[in-house]
Amino acid sequence: METLQRYLHAIEFWLPKAQRKDIIAELSEDLHSQIEEQQDQFGHKMSDAELDALLKQRGNPLLVANRYLPQQSLIGPVLFPLYKFVLKIWALCWLTPAAVLVVLVKHTQHPELPWTSTMSLTIGWLWTAVFVAIGTITLAFVVLERVEAKTHFLENWNPRKLPPVRDPNKISRASSAIEAVFNSAAAVLLVCYTSSLAIWDSSGVRIHLTSVWLYFVWGLAFLSLLNTALSTANFVRPYWSTVRSIIRFAIDTAGTILVCWLLKAHVVRSFWASGLSEAKALDTANTINIWLERSFPYAVVAGLVILGIDLYRVLRVTRDRSPHLNHGTVTVSSL
Amino acid sequence: MPTQTDAVFENLRLELRRGSLVLAVLATLRAEQYGYTLRKTLGDYGLDVDENTLYPLLRRLETQGLLVSEWREENKRNKRFYLLSAHGEQILQQLRAEWEAINSSLTSLVKE
């Protein structure tokens, strides 16, 4: 019967202090009654193996004790979905951009290191930040949970203060108008003021670019005009259609390729400043080209983010226009 | 190996029985009993209850004032005897009326 005593002792450890003795006395009595009954049934004294089986059937001491304890949790089922949502938003809006930015900055600082080493350096930094942030969010929710349990503030709500239903495929006319004006102005400015290889010649400083620059300017001006046309169409029909969302994706893809290509193309041919030796001027031109090249990963990341958003829009619009789905309140116009 | 359907049914079955268990315990304890015999009695009526469910439930019902209990010696062993309190009797009547209403509604609803 030593096993039985050990079993009861293990349960006792987890029980609330005030009721410990009482609960254990009752459990002990119940187990003894059960043992007696089984012994009568079998016609012999209970063996160790039979006792083990009986206790196993009763359950793990921690689980048995748990049934006597009040249900407790750091964050209860009411606030848990909100907690998960906040963690997801934090991971998406803070953790991911911060990780990417730190990798890029570390790569710029130590371009000689391979990407894998840069990433492992980042993980070291990120580890602490992630623990502190998750800990802070969890702690905030633990406090919120306690406050909610006392004040039931979630029950005090007003249906009229619920956020309005937002149609993600609707385009704000104001943003379309701003986009159209900005893009047409950009196209004009690019062609009028930057379509020359002598990009700067003033105050004793002269910068000359390679012919790559002209392809870039005309390409970007063309894309700006396309964007102007698209924004105008969006202004007239302020709902994303599959065709227009694909056009936006294509324009942004071309723009990203163009910018990335320019950064890698060593576009500065010569730099001249009064009082600067020829060797020093050449060195400056090289430095500018190197820094432009070093910013290439930043441009790639920024481009990928923009293209990701565009692609998500294409998929969303295509899905929402699927004949299998009924979006009664949403009016979708086509180009 | 239990299928997913079995698991779903088992969960729903337990949920269905859980609510009725309080009513069964209160009704049985109109006559004094201790935990072990109470479990046997419920089992005899086709309501098998796990010890780890019954004993915490008895404690909760006692804390709520629906049961009273006392330790007494029987067959040379101390046992804790439970009995329905006056307040428990009142609640039992209310629960019985509620159960009869639900039973009547469900009988009409689920009959083919």
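The values are calculated or read from the model by the stated rules, or taken from the named source; none is laboratory data. Not measured: the values here are computed from a predicted model. Here Cβ is always computed from backbone atoms with ideal geometry, including for glycine, and neighbour counts include all displayed protein chains. Protein only, heavy atoms only, side chains kept; ligands, DNA and RNA dropped before computing areas. Shrake-Rupley method; radii C 1.70, N 1.55, O 1.52, S 1.80 Å.
Restricting the stretch B:27-52 to residues that are among the small types (Gly, Ala, Ser) and part of a helix (DSSP H, G or I) leaves a set whose member that is surrounded by the fewest Cβ atoms within 10 Å (Cβ to Cβ) is B:Gly43.
I'd like to check something: does the stretch B:1-22 contain any residue that is within 11 Å of chain A (Cβ to nearest Cβ), out of contact with any Lys or Arg (no Cβ under 8 Å at 6 or more places or on another chain) and under 30 Å from A:Ser33 (Cβ atoms)? No - not one qualifying residue is present in the stretch B:1-22.
Per-residue answers, yes or no, for (1) assigned to a helix (DSSP H, G or I); (2) open to solvent by less than 30 Å² (accessible area, probe 1.4 Å); (3) under 29 Å from A:Tyr239 (Cα atoms); (4) in contact with a strand residue (DSSP E or B) (Cβ under 9 Å, 6 or more places away or on another chain):
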| position | (1), (2), (3), (4) |
| --- | --- |
| A:Trp261 | yes, no, no, no |
| A:His266 | no, no, no, no |
| A:Ser270 | no, no, no, yes |
| A:Lys280 | yes, no, no, yes |
| A:Thr284 | yes, no, no, yes |
| A:Tyr298 | yes, no, no, no |
| A:Ile309 | yes, no, yes, no |
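Selection of the stretch A:137-164 for residues being open to solvent by less than 70 Å² (accessible area, probe 1.4 Å), within 24 Å of the chain's Cα centre (by Cα) and of a type in the set (A, V, I, L, M, F, W, C) yields A:Ile137, A:Ala140, A:Phe141, A:Val142, A:Leu144. Of everything in the stretch A:208-227, what is touching a residue at least 60 places away in the same chain (Cβ under 8 Å) and open to solvent by less than 30 Å² (accessible area, probe 1.4 Å)? Give them in sequence order. Across the stretch A:208-227, the qualifying residue is only A:Leu209. When B:Lys76 is tested against the conditions (1) under 11 Å from the mean Cα position of the chain (by Cα); (2) modelled with pLDDT under 95, the lone failure is (1). Remark: pairs (first residue in the stretch B:53-68, more than 13 Å from chain A (Cβ to nearest Cβ); second residue β-branched (Val, Ile, Thr); Cβ separation under 8 Å; 6+ apart in sequence or on different chains) = B:Leu61/B:Val22; B:Leu61/B:Val25; B:Leu66/B:Ile91. Taking the criterion of being of a type in the set (D, E, K, R), in contact with a Lys or Arg (Cβ under 9 Å, 6 or more places away or on another chain) and part of a helix (DSSP H, G or I), the only residue of the stretch B:65-98 that qualifies is B:Glu89. Here B:Gln90 meets each of (1) surrounded by 10 or more Cβ atoms within 10 Å (Cβ to Cβ); (2) under 30 Å from A:Leu54 (Cβ atoms); (3) away from every other protein chain (no Cβ under 11 Å) with one exception, condition (2). When each of A:Leu92, A:Leu79, A:Leu63 is tested for being under 30 Å from A:Ala299 (Cα atoms) and aliphatic (A, V, I, L, M), the lone residue that passes is A:Leu92.
Quick one: count up the residues across the stretch A:106-149 that are part of a loop (DSSP other than H, G, I, E, B) and charged (D, E, K, R). Residues meeting the conditions: 1.
The lone criterion from (1) touching a Pro at 6+ places or on another chain (Cβ under 7 Å); (2) open to solvent by less than 60 Å² (accessible area, probe 1.4 Å) left unmet by A:Ser231 is number (1). With respect to being part of a helix (DSSP H, G or I) and of a type in the set (Phe, Trp, Tyr), B:Tyr55 fits the description.
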